[in-house]
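Have a look at the structure below before the remarks.
What follows is calculated from the coordinates using simple rules that are stated; it is not laboratory data. Quantities reported herein were computed from a predicted structural model and do not represent experimental measurements. Using ideal geometry, Cβ is built from the backbone for each residue, glycine included, and neighbour counts are taken over all protein chains shown.
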Amino acid sequence: MNRCAPTFVVSTGRCATTLLGLFLNADDSSLALNEGQLRDVHSQGPQILPALTLENRLAYEQPALAADILREKRLPQIRELIEQKALTHFVEIAYYYSPFVAALRTIFPESKLLFIHRDGRDFVRSAYVDEVPDPMPVGYLDPRPLHPVERYVAMGRLAPTPEAPDAARWEHFSPFEKNVWLWAETNRIIRDGLTTWPSDAVLTMPMHRMVTPEGLVEIADFLDMDRSLSQASTLLETKVNARKSRVLPHWTQWDETLRTQFKALGQDMLQTLGYATDAPWTVSR
């Protein structure tokens, strides 16, 4: 690519990455997309790149296809965008890149990767909602007729493969348990994919640092982008993509059933990512 190498941002979703996209989109020579889309504070803009929502599950179930999918549906499109817009920085932020992490390095060998992770107990609270329709469908919902967008996202959502240890129990899992599994498994495959990347091409950051002026500027510095603490502070004063309500109480108030279910499916990953797991489950900062 003539002018810049792309950057990809991966997470489970519900990690404030819409806000990150707005921060990185602050000049005409930079383009940051969320799931292929250009977004504003209060609205979704045009779909610049085709979403890889369905390919998310396909690449998870058949990893050998991941590189070919990127070669067809990202490589020429990103090259064209960079050339047409004379970009110095191109960033795509997407939860659906989690099963593509290793393939991204193969197809875009000069690229950088940013991994944002969130405490799984906070993720499940944000992913599990009772809004109808869910305006930001990421996690598993209670059984009900789905809105077309919810149905489309559900078709690409990760679920255990037939040979996976949790496959036999999956139909008996509650939506809460499915979301814990989704959080842990998404982080697992991201971390597995990162083993193919050189350390200087990757930045890993917890969400609670990313949503600070210092965290946002650290990301900009990693990407060689000129952004200031004052720009970050101003943006952080605006709520972006925030949930209006929560079904689940804060996890310090969970009953023993919820705690036991979370620990069975998510405790190992919680510890791996550096979050405290002892009572009262205080987040590591």
Aspartates and glutamates with Cα under 13 Å of Lys178, excluding same-chain neighbours fewer than 8 positions away: Asp142, Asp166
Max mean-square fluctuation residue, GNM over the chain, Cα-Cα springs under 10 Å, options Thr106, Thr204, Thr272: Thr272
The stretch 215-220 - phi-based ³J(HN,Hα) in whole Hz, Karplus 6.51/-1.76/1.60, Gly and Pro as x: x, 5, 5, 4, 5, 4
Vicinal HN-Hα couplings computed from phi for the stretch 66-77 (Karplus, 6.51 cos²θ - 1.76 cosθ + 1.60; Hz; Gly/Pro x): 4, 5, 5, 4, 5, 4, 8, 10, 9, 4, x, 5
Listed residues Leu54, Phe123, Gly193: farthest to the positive end of the dipole of the stretch 7-272 (Cβ charges): Phe123
The stretch 98-176 versus the stretch 1-49: alpha-carbon centroid distance in Å: 20 Å
Between 0 and 90°, nearest 10: helix 175-194 axis offset from the chain longest Cα axis: 40 degrees
Loop-located GluC sites (Glu not before Pro) in the stretch 76-181, at most 16 other Cβ atoms within 10 Å (DSSP): Glu110, Glu131, Glu163
HN-Hα J in Hz across the stretch 114-131 - Karplus 6.51, -1.76, 1.60, θ = phi - 60°, x for Gly and Pro: 10, 10, 9, 10, 9, 3, x, 5, 6, 4, 5, 5, 7, 7, 9, 10, 10, 5
